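A.B. asks: Mind having a look at this structure? Questions to follow.
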Amino acid sequence: MLFEPQRYRIEDQPHRPFVDPPEIREMLAAAASPTLDRVREVIGRALDRRRLTMQEVAVLLNADRPEAVAEIMEAAHRLKKEVYGDRIVIFAPLYIGNKCVNNCAYCGFRASNRHAVRRTLTDAEIVDEVRALERTGQKRLILVYGEHPLYDAAYIAHTVRTTYATQQGGDQIRRVNINAAPFDVEGFRTIREAGIGTYQIFQETYDPEVYRRYHLGGRKTDYDWRLTAMDRAMEAGIDDVGLGVLFGLGDWRFEVMALVRHTNHLEACYGVGPHTISFPRIRRASDLSLDGLDLIGDDEFVRLVAILRLAVPYTGLILTARETAALRDRLIRYGISQIDAGTRLEIGGYSAAEQEQDLHKEQFELMDGRSLAEVVSELIDSGYIPSFCTACYRKGRTGEHFMEFSTKGFIKRFCTPNALLTFAEYLEDYATPAVWEKGWALIEAEAARTDDPALAERLARIRRGERDILF
């Protein structure tokens, strides 16, 4: 079994709130000042690929001594490489509309921000945006929406289908994820039927008091409705879900513990945890002051990512262009497995001639403005395999089925070969000659290590012009 059920004061039940802030704080306090031997004991359990208990996560969060932190970081690097190899999954966000009825104090889209430029893409504009992304080589998108009556389940399903249907030659989007407001079970079923991959939503903060402080209007003020959104999505048949918090609102140690608690809740009720966890960190936005926020420094941020990698070995960890290129490169080593590339946050920004950043037109400040081609080139230079793979989703290896494969250690049998195949497609169709040359050198070295005739045969077919070949 991937996880061992843990007992809490609030029993896990579907559709019922499960976060107990005093219990989380008691666990953190009980694990204060752990010995190096205790830290090593927890690290050893993580390296055995056992899901850590909340108490064990608390030990790592309280391990402040430099030698303990260094061992945590090295263990996270080792575990990440063992589970994910050298592949990095790439995607792009596509903002469909930024109308919003919520009044979240930290967000440029908040309803009270009169300087925000509101816009919703037409169907024709969605097609233009998708085509612009496809021309760069993107295969995976996440569609992003504000919370507004216009963006109901039927509309979101329509935009998902429009995205999938937008193909030109061999260019196509093969996986569409969404980041959207919570729905009831029927709403989630409507969205699932459109063929989405992962449904992603962030609690922002799991601390109810902090949550009330920053959510000042709209449906999002209902903490419990948002907290139980994944339960409704799971009941509707969406078995790939993505969690996250906005680091900078509350105590980061509490938030990490709560993310693990949410993971445990989904495992207890539905037999599978989140497909991904994201790490957005608060950034400047239109008419937003960062004064008084509980901001987190780079070193602590890197440390919390490493701890979550140890705590949830088989969960994908996402880091977006909110962070600088240098920090993203650093974090890939310690646990991040997915990044966006070539990101534009302005509605209609991919097909627009001008690409200047304007906070009044965007949700937050973008810190990594590299193009997809630049990110791919730099990943190759660092020895990583850029992956555009969508095979597991399309082969039905999602949710519980995905966990069956990953926990048996078969994930590299599928993921590394599929990463190489999709990377080969990118090189053949989109890369410059210089990137093509060094990219194929990397592929050939990786293929030689696998020594798999089936992989070699599929790579040869791609070079002859075939596409969308997968394991």
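Where a number appears in this text, it was derived from the coordinates with a stated rule and is not lab data. The structure presented is a predicted model; accordingly, all values stated were derived computationally and were not measured. Ideal geometry is used to build each Cβ from the backbone, glycine not excepted, and the neighbour counts take in all protein chains shown.
A.B. asks: Out of Val260, Tyr223, Gly187, whose Cα points farthest toward the positive end of the dipole of the chain (charges: +1 Lys, Arg; -1 Asp, Glu; placed on Cβ)?
C.D. replies: Of the candidates, Gly187 comes out farthest on the positive side.
A.B. asks: Can you give the FRET efficiency for Asp224 and Arg50, using 1/(1 + (r/R0)^6), R0 = 30 Å, r = Cβ-Cβ distance, to the nearest 0.05?
C.D. replies: 0.45
A.B. asks: Using a/c under 1.5 as the rounded threshold, could you call the stretch 243-323 rounded, prolate or oblate? The axes a ≥ b ≥ c are square roots of the C-alpha gyration tensor eigenvalues, and prolate needs a/b larger than b/c, oblate otherwise.
C.D. replies: Details: a/c = 2.07, a/b = 1.95, b/c = 1.06.
Cα axes put the stretch 243-323 in the prolate bin.
A.B. asks: Still on this structure: Among Thr136, Leu459, Ala31, whose Cα projects farthest towards the positive end of the dipole of the chain, with charges put on the beta-carbon of Lys, Arg (+1) and Asp, Glu (-1)?
C.D. replies: Farthest along the dipole direction, towards plus: Leu459.
A.B. asks: Let me ask you something else. Report the extension gain between Glu41 and Arg284 in nm, rounded to one decimal, defined as 0.36 nm multiplied by the number of residues separating them, less their alpha carbon distance.
C.D. replies: Working: separation 243, 0.36 × 243 = 87.48 nm, distance 4.00 nm.
Taking Glu41 through Arg284 to full extension adds about 83.5 nm, to one decimal.
A.B. asks: Name the residues whose placed amide hydrogens come within less than 5 Å of the amide hydrogen of Ser387, ignoring near sequence neighbours (fewer than 5 apart) on the same chain.
C.D. replies: Result for Ser387 returns Ile88, Val89, Ile90.
A.B. asks: Right, next: If you average the alpha carbon positions of the stretch 169-188 and of the stretch 83-126, how far apart do those two centres end up, in angstrom?
C.D. replies: Going from one Cα centre to the other spans 14 Å.
A.B. asks: When only C-alpha pairs under 8 Å and at least 6 residues apart count, what is the relative contact order of the stretch 59-122, in percent?
C.D. replies: 22
A.B. asks: How big is the dipole moment of the chain about its Cα centre under a simple scheme where the beta carbon of each Lys and Arg is +1, that of each Asp and Glu is -1, and everything else is neutral? Debye, nearest 20, please. Walk me through the intermediate numbers first.
C.D. replies: On the way: 62 positive and 71 negative charges, 116 e Å.
Dipole about the Cα centre, nearest 20: 560 debye.
A.B. asks: A further question on this structure: Please count, across the chain, the pairs of lysine residues with Cα atoms under 21 Å apart that sit 8 or more places apart or on different chains.
C.D. replies: Close lysine pairs under the 21 Å cut-off: 10.
A.B. asks: Moving on to the next point. Figure the gain on full extension for His158 and Arg212 (residue separation times 0.36 nm, minus the Cα-Cα span) and round it to one decimal in nm.
C.D. replies: So the extension gain works out to 16.1 nm.
A.B. asks: Please identify the GluC sites (Glu not before Pro) of the stretch 1-103 that satisfy two criteria: DSSP loop assignment and at most 14 other Cβ atoms within 10 Å. Which are they?
C.D. replies: Qualifying residues, ordered by number: Glu11.
A.B. asks: So if R0 is 30 Å, what FRET efficiency would Glu67 and Ala325 give, r being the distance between their Cβ atoms, rounded to the nearest 0.05?
C.D. replies: 0.50
A.B. asks: Also, I was wondering about something else. Given points 7 Å out from each Cα along the Cα-Cβ axis, report the Thr432 to Glu74 separation in nanometres with one decimal.
C.D. replies: About 3.9 nm separates the two model spin labels.
A.B. asks: Need one word for the stretch 6-51: rounded, prolate or oblate. Basis is the Cα gyration tensor (sqrt eigenvalues a ≥ b ≥ c); a/c below 1.5 gives rounded, then a/b vs b/c decides.
C.D. replies: Oblate shape, in that a/c is at least 1.5 and b/c is the bigger or equal ratio.
A.B. asks: Which one of Ile296, Thr390, His115 has its Cα pushed farthest toward the positive end of the charge dipole of the chain, where Lys and Arg give +1 and Asp and Glu give -1 at the Cβ?
C.D. replies: Thr390
A.B. asks: Can you tell me the length gained on complete extension of the stretch Ile469 to Glu26, counting 0.36 nm per residue apart and subtracting the Cα distance? Walk me through the numbers before you get to the answer.
C.D. replies: Working: separation 443, 0.36 × 443 = 159.48 nm, distance 5.11 nm.
Length difference between fully extended and current span is 154.4 nm.
A.B. asks: Around Glu147, with a cut-off of 12 angstrom between Cβ atoms, what is the net charge of the other residues, counting Lys and Arg +1 and Asp and Glu -1?
C.D. replies: On the way: positive: Lys99, Arg110, Arg219, Lys220, Arg226; negative: Asp152, Asp222.
Here the count lands on +3.
A.B. asks: Let me check against my output: what whole-number percent is the relative contact order of the chain, with C-alpha pairs under 8 Å and at least 6 apart? Write down the numbers at each step before the final one.
C.D. replies: On the way: 817 pairs, mean separation 91.5, N = 471.
In percent, rounded to a whole number, it is 19.
A.B. asks: Moving to a separate point now. For the chain, what does -39500 (n - 2.57) per DSSP helix run (n ≥ 4), summed and divided by total residues, give at 222 nm, in deg cm²/dmol to the nearest 500?
C.D. replies: When only DSSP H runs of four or more count, the value is -14000 deg cm²/dmol.
A.B. asks: Right, here's the next one. Under a 5 Å amide H to amide H cut-off, with H placed in plane at 1.01 Å, what residues pair with Thr320 once short-range neighbours are removed?
C.D. replies: Sorted by chain and number, the residues that satisfy this are Phe279.
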